[in-house]
Amino acid sequence: MSENQPEKALFQMIAEALTPEGTLPKDFSLPKEKVQNKLIFADGAMDGIKLYHTQPKTVDIEPVCQALLLISQGQEETGKAQLTAALEQHSVIEVIDALHKWIYENHDQLDPGKLSGFAIRSIMTSTNPELVKLGLAIMELLNTDKQEALKKVIRALALCNEFTLYCLFIMRSWTRGNDEIFDLMQKVHGWGRIHCVNQIDPANRLIKKWLLDHGCENSVAPAYSALTAAKKCDLIEQIQREDLSAEDWSGITLMMDGLMAEGPVAGISEIEDRETLFAGYLSQTEHFPMSLAAVQNLIAIAQYIDGEQVKMPEIKKQCLELLKSSACYVTVSAAMEQGKGFEEALKLSIPYEEKAMTWLKQNPVEHCMAARLLMASENACDEILALYADCLPLDTMASGPSDVLGLGKDYQDYHALAAVLQSLKLYPGKGVEFIRCALLCPVISCRTYALDTLESWVKLAQTSLKGIAPELLIVLEQASELEVKEELKTRILTLKQSA
């Protein structure tokens, strides 16, 4: 067994990590195999991305089917080996629907005892997440409602974001399945909660209230649950109530944030009576203390009305009045004292430069978003570049191109580099040392922003890169040889050729 593989079965790891409250610690994560140039995803993230961000495609499930036939015939080890190889090509989330159909159509060729035995052993003893998922996918087709020992195992696995979805498919067929899902929904916080919100039946007022107050609280992004939660909790009806609690309002504000995002998934555009929803939100805003999140929603609503060219003159008027109110001014000003709210201040024409620069000088990496705003002014540009030249280990960061997303706190220096790069687009020839670092760094987004900036320089200066920053031609030569992403390599070669 390699050093990257877990020694214990995944179920055992989960069972041993359970807290006295019957949950997993918020920082719990399954072991991840570390392979060079291979992205590492949080538990459940890969399946979540495939569900929400990729189009379903037809895959060849024949290798999986043949492996299950071997297992059904008693050749479990051979079948398991073939199954493991097949699932390295296509994960369970990609094959589950077609596989279920094949099992239904070929049930007379399969031994249910051997197949269910293999499924339970995979669930209980496997160190391979995909084999655990396949075991759960097989058990979904069987009646587990009376198998109390197995139900305890499934409840435990469901607490891990990597397996929640597959456990939900089983739970929903249990006699008290919806109650089980409601209990689980309150114990998971990542992709697992998103899947629970999607699967729950809002069968009573308690569930609807929980969805209103907490349905969009997850560690991924509120947008993934906002539309589903809004429909299931009857948001338009709820937002017109006169007895909303502070907890209700906090949940509604987060839900509106998710709806207005319209980025990862559909949101406000799928709400039919948007005008009533907006009117209700604006009316309630006057009855609760103004928060920065509420200000952000008000700005988003005003921008939505303008951007979509929808005719809501009264909504827009009321929205702008709220944004011009003293409560809004005080909220944004207070946020700036805490190092937040600078972007909102810019949009509302509230002076922010002095406070933003104070926070930026205190911690340039943590407050790199303030740098993006301040560098819009050429007067501040050189001072800010000097700050980052002092605090960023540019030579160390230029460790070579790789296939790294650069998400999370471990990549804060690269987040700051990305902010600087995006701000340099307006200033041909400035910050060459940051461009050099970015072209040779492992984080994809930084290399992308560096190329965006160089292309912007050529366009603005109406000359070749050789005439702007000839010292970067050598770096482009190195980058073209080392780049691991074909689309970026193509852009580098184009810049070289035009120089």
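The values are calculated or read from the model by the stated rules, or taken from the named source; none is laboratory data. All figures in this text were calculated on a predicted structure; none of them were measured in a lab. Reconstructed Cβ throughout: ideal geometry from the backbone, glycine too, with neighbour counts over all protein chains shown. Just the protein is used for accessible areas: all its heavy atoms, side chains included, with ligands, DNA and RNA removed. Shrake-Rupley method; radii C 1.70, N 1.55, O 1.52, S 1.80 Å.
A few notes on this one:
- Residue count, region 392-425 (criterion: of a type in the set (S, T, N, Q) and closer than 20 Å to GLU455 by Cβ): 2
- The condition of being at pLDDT 95 or above, hydroxyl-bearing (Ser, Thr, Tyr) and either more than 29 Å from SER326 (Cα to Cα) or assigned to a loop (DSSP other than H, G, I, E, B) (or both) holds for only one of TYR411, TYR388, that being TYR388.
- Beta carbons closer than 6 Å, at least 6 apart along the sequence or on distinct chains, pair a first residue in region 230-258 that is over 24 Å from GLN199 (Cβ atoms) with a second that is open to solvent by less than 70 Å² (accessible area, probe 1.4 Å) and not aromatic (Phe, Trp, Tyr) for ILE239/GLY280; GLN240/GLY280; THR253/ALA293; THR253/ALA294.
- ALA327 vs. criteria more than 24 Å from the chain's Cα centre (by Cα) and modelled with pLDDT of 95 or more: yes
- Selection of region 13-30 for residues being free of Cβ contacts under 8 Å to residues at least 60 places away in the same chain and either open to solvent by less than 80 Å² (accessible area, probe 1.4 Å) or outside any loop (DSSP other than H, G, I, E, B) (or both) yields MET13, GLU16, ALA17, THR19, PRO25, SER29.
- Residues located in region 220-277, provided they are closer than 24 Å to LEU407 by Cβ, open to solvent by 40 Å² or more (accessible area, probe 1.4 Å) and not in a helix (DSSP H, G or I): VAL220, GLU262, GLY263, PRO264, ALA266
- For LEU136, the criteria (1) over 16 Å from ALA67 (Cα atoms); (2) buried (at least 21 other Cβ atoms within 10 Å of the Cβ); (3) in contact (Cβ under 8 Å) with a residue 60 or more places away in the chain hold in every case but one, which is (3).
- The set of residues in region 474-488 that are surrounded by 12 or more Cβ atoms within 10 Å (Cβ to Cβ) and either without any contact (Cβ under 8 Å) to a residue 12 or more places away in the chain or of a type in the set (Ser, Thr, Tyr) (or both) contains only SER480.
- Residues that are more than 26 Å from the chain's Cα centre (by Cα) and either within 19 Å of ILE120 (Cβ to Cβ) or surrounded by fewer than 16 Cβ atoms within 10 Å (Cβ to Cβ) (or both), drawn from region 149-178: ALA149, LEU150, LYS151, LYS152, VAL153, SER173, TRP174, THR175, ARG176
- Among the residues of region 439-473, the ones that are part of a helix (DSSP H, G or I) and touching a residue at least 24 places away in the same chain (Cβ under 8 Å) come to 23 in all.
- Scanning region 156-178 for residues that are in contact (Cβ under 8 Å) with a residue 40 or more places away in the chain and either hydroxyl-bearing (Ser, Thr, Tyr) or not in a loop (DSSP other than H, G, I, E, B) (or both) yields ALA156, LEU157, THR164, LEU165, TYR166.
- Condition met for LEU346 (touching a residue at least 24 places away in the same chain (Cβ under 8 Å), assigned to a helix (DSSP H, G or I) and surrounded by 19 or more Cβ atoms within 10 Å (Cβ to Cβ)): no
- Test for ALA45: is it more than 22 Å from ILE138 (Cβ to Cβ), open to solvent by less than 20 Å² (accessible area, probe 1.4 Å) and touching a residue at least 24 places away in the same chain (Cβ under 8 Å): yes
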